[in-house]
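The values are calculated or read from the model by the stated rules, or taken from the named source; none is laboratory data. Just so it is clear, the structure is predicted and the values come from calculations on it, not from any experiment. FYI the Cβ positions are ideal-geometry reconstructions off the backbone, even for glycines, and counts take in every protein chain you see. SASA here: full protein model, heavy atoms, side chains in, ligands and nucleic acids out. Shrake-Rupley method; radii C 1.70, N 1.55, O 1.52, S 1.80 Å.
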Amino acid sequence: MKLAIVGLAAAIGTLIAGTVWIAFRLREETVVSNPYEEGLRLVGKEAGGPAAGRGCDLGSAPCARPLPGGGEVRLELGPRPLVTMKELAVRVELGPGAGAADGGASVIVSFSMPGMNMGENRSRLAATAPGRFEGKAVLVRCPSGGRQWLADVEVASPGAPARSARFSLTVAE
């Protein structure tokens with residue numbers, strides 16, 4: 001019985017040593033000092049992360065962006081400073097050519113984090129005046145401590161494809 005246990009332990013030890021040797025032979029050198037942070041930075045650029053802000057941060061002031069095909073959308077979030085786990089007031093104002101003139105436009109604001117799946121977070125805004133929409137949203141706290149968010153404003157008008165504009169924002173906590 002002792003001989004069988006010794007043989008089994010030797011076989012397990014050999015398997016572990018073989019696995020370590022194979023892993024060492026297949027290991028790739030680290031190209032960047034912090035691969036996780038570098039990946040988030042690159043994914044953010046591809047997804048329109050910080051570059052989507054183009055100098056405007058919703059955490060500081062309302063921002064406006066052009067819509068593809070014409071028109072402009074202005075987004076405002078409050079109260080400031082923007083924080084997670086608290087209700088935010090979301091206000092969208094559509095400029096001329098944005099599809100609000102006929103009164104049939106609908107607006108949805110979606111929130112996401114570059115490089116991080118935070119679940120679906122969409123708010124359908126209610127029309128409060130021609131070209132003005134309001135609603136509520138909550139940004140959840142990121143378990144990894146991320147504070148960079150993206151807000152996509154989707155404008156849909158009857159008989160026309162939906163168009164969207166992307167904004168960046170930073171939460172205080």
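Which one is surrounded by the fewest Cβ atoms within 10 Å (Cβ to Cβ), of the residues in segment 25-60 that are hydrophobic (A, V, I, L, M, F, W, C) and at pLDDT 75 or above? It would help to see each step written out before you state the result.
Our first condition is that a residue be hydrophobic (A, V, I, L, M, F, W, C); within segment 25-60, this holds for 26, 31-32, 40, 42-43, 47, 51-52, 56, 58.
Now restrict to residues that are at pLDDT 75 or above: 26, 56, 58.
Working: Leu26: 7, Cys56: 16, Leu58: 23.
The selected residue is Leu26.
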Residue match in segment 91-106 (condition: within 17 Å of the chain's Cα centre (by Cα), surrounded by 15 or more Cβ atoms within 10 Å (Cβ to Cβ) and modelled with pLDDT of 85 or more): no
Output for segment 118-173, where each listed residue is modelled with pLDDT of 90 or more, open to solvent by 70 Å² or more (accessible area, probe 1.4 Å) and either touching a Leu at 6+ places or on another chain (Cβ under 7 Å) or farther than 24 Å from Gly97 by Cβ (or both): Glu120, Arg122, Glu134, Lys136, Arg141, Arg147, Gln148, Arg166
Filter result (open to solvent by 20 Å² or more (accessible area, probe 1.4 Å) and of a type in the set (A, V, I, L, M)) within segment 75-88: Val83, Met85
Members of segment 118-134 found to be under 19 Å from the mean Cα position of the chain (by Cα) and either under 18 Å from Ser168 (Cβ atoms) or of a type in the set (Gly, Ala, Ser) (or both), listed by number: Met118, Gly119, Asn121, Arg122, Ser123
Candidates Ser164, Ser157 - the one that is touching a residue at least 60 places away in the same chain (Cβ under 8 Å) and farther than 22 Å from Pro81 by Cβ: Ser164
Selected residue (criterion: farthest from the chain's Cα centre (by Cα)) from residues of segment 135-154 that are more than 17 Å from Lys86 (Cα to Cα) and charged (D, E, K, R): Glu154
